[in-house]
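Input: a single structure, listed below in structure tokens.
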Amino acid sequence: SDLVRDEVHELAPYNSGLTVREVNERYGPAKIAKLASNENPLGPSPDLDSITMADSDLLRLYPDPAGVELREAIAVALDVASTQIILGNGSEELISIICRAVLRPRDRVVTLYPSFPLHEDYAALMGASVERVNVKGNMSVDVDTFEKKIATPARMVIFSNPMNPVGSWLAPAELSRVIAAADKNTLIVVDEAYAEYAAGEDYVSAIDLLKGSRRPWVVLRTMSKAYGLAGLRIGYGVVADPEFRSLLDRVRTPFNVNAIAQVSAVKALADRQHLQRVVTLAASERQRVQAFLLANDWPVAASKGNFLFFDCAGNAADFAEGLLRYGVIVKPWKQAGYETFVRVSVGSPDENNQFMSAVLSLTSQDV
Ligand code: PMP
């Protein structure tokens, strides 16, 4: 309808994939391995079991609109000021908040490609013009081209590290180069949804590089992945300075993070042991699934996330559809140029076995 802005008409619907219920409805009840949204097979810390909704004001009252307790817990964990922390209903809401607060029509936004689609979508919705830096043939980040693109001032540079859907990452020296190359007025947004999986050798959080810098920046994190709380919708951003944060904060809805989410996130952050279990399992299972894909002669990108991105050498949508019959949900990539690529999340050992045997059954049918 003419009522709706052109930018909305042009927006592709977000591809959130099938739910377990939808697959059961289509193919009958079965054990489903949902490996399409990078969820965490171990779920959240068992400490959350003690949260009871029954006899508290958790449900009756509005949540703390400022999320003070959670912001303080995050600030302590990251060694930043709590006045630098903004909370979101998932980090996807924070991407939207940043775009709405910052972008004017025709602004230049530079991003890596293939990308988390919302990095582009929310920018496009504001009328900004998005420029992509494609990965190299081996699926690593093309840092030289990235540097050149952002040497010309842009309003915003936004990318994930580790990079969804590929799993590639910018090594510490590369990330430093990118930060140094961006104009001092360009907002740098680093989406670190998978940082907990990558922590350690050859990976540094942009928070460590940008902390104390006077340039505009935001680093996004989420409780949906390594903390296993995707269903509760909690993301957070570390923002360059308190003044910038309070401006971004005006754009969000006042009670965006619900009360159960806030108390759960505080408990989840405190359980470092559980986080370590999650990360250790993801690393060993990722290696196992990657070896399987390579043995099938499918090019697969090196990954520091809880997922793998591979070229199935055929139509990825058909491949994913075929796997549904075996109760396995994966994500066929839809962005131009990557129609033969599939992103599969690293699940539990059982789920990964189900994925691998489904692939073997499917490919033996093909011949
Ligand atoms: N950023 C990236 C790179 C992601 O992969 C995702 C989830 N797929 C998100 C942000 C959004 O996560 P959430 O809204 O659950 O925090």
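Only the coordinates and a few stated rules stand behind these numbers; no lab work does. As the structure is a computational prediction, the values presented were derived from the model and not from experiment. Note: ideal-geometry Cβ built from the backbone for every residue, glycine included; neighbour counts use all protein chains shown.
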Fewest first, what order do TYR122, TYR197 take by the number of other Cβ atoms within 10 Å? TYR122, TYR197
Any of LYS31/LYS304; LYS136/LYS334; LYS267/LYS334; LYS304/LYS331 with alpha carbons more than 25 Å apart? Name them for me. LYS31/LYS304; LYS267/LYS334
Among the lysines, which fall within straight-line cross-link reach of LYS211, defined as a Cα-Cα distance under 18 Å, with same-chain neighbours fewer than 8 residues apart omitted? LYS184
If the label point is 7 Å along Cα→Cβ of ASP297, which residues in the stretch 308-350 have backbone nitrogen under 14 Å from it? 312-314
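Mind ranking 60-69, 224-233, 27-36 by how tightly packed they are, going by the mean number of other C-beta atoms within 10 angstrom, highest first?
Packing order, densest peptide first, comes out as 224-233, 27-36, 60-69.
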Sites LYS184 and ALA313 - FRET efficiency at Förster radius 41 Å, r taken between beta-carbons, to 0.05: 0.40
Pseudo-spin-label distance GLU69 to THR253, built 7 Å along Cα→Cβ, given in nm, is 2.3
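Provide the net charge surrounding GLU92, with neighbours chosen by a C-beta distance below 15 Å and charges set as Lys +1, Arg +1, Asp -1, Glu -1.
Details: positive: ARG100, ARG221, LYS225, ARG233, ARG252; negative: GLU39, GLU93, GLU120, ASP121, ASP191, GLU192.
Spelling it out: positives minus negatives among the neighbours equals -1.
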Please sort through the DSSP H helices of the chain and keep those with an alpha-carbon extent of at least 20 Å along the long axis and a Kyte-Doolittle average not below -0.5. 272-295
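Quick one: Kirkwood hydrodynamic radius for the stretch 177-244, alpha-carbon pairs, angstrom, one decimal?
13.0
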Convex hull around the C-alpha positions of the stretch 61-271: the volume in Å³ per residue is 110
Bin width 20 Å, alpha-carbon pairs only: give the P(r) of the chain as whole percents, running from 0 to the bin holding the largest distance. 29, 59, 12, 0
Most fluctuating residue of ASN352, ASN296, ASN40 in a GNM of the chain with Cα springs under 10 Å: which is it? ASN296
Can you give me the distance in nm between label points at LEU360 and TYR27, each placed 7 Å from the Cα along the Cα-to-Cβ direction? 1.7
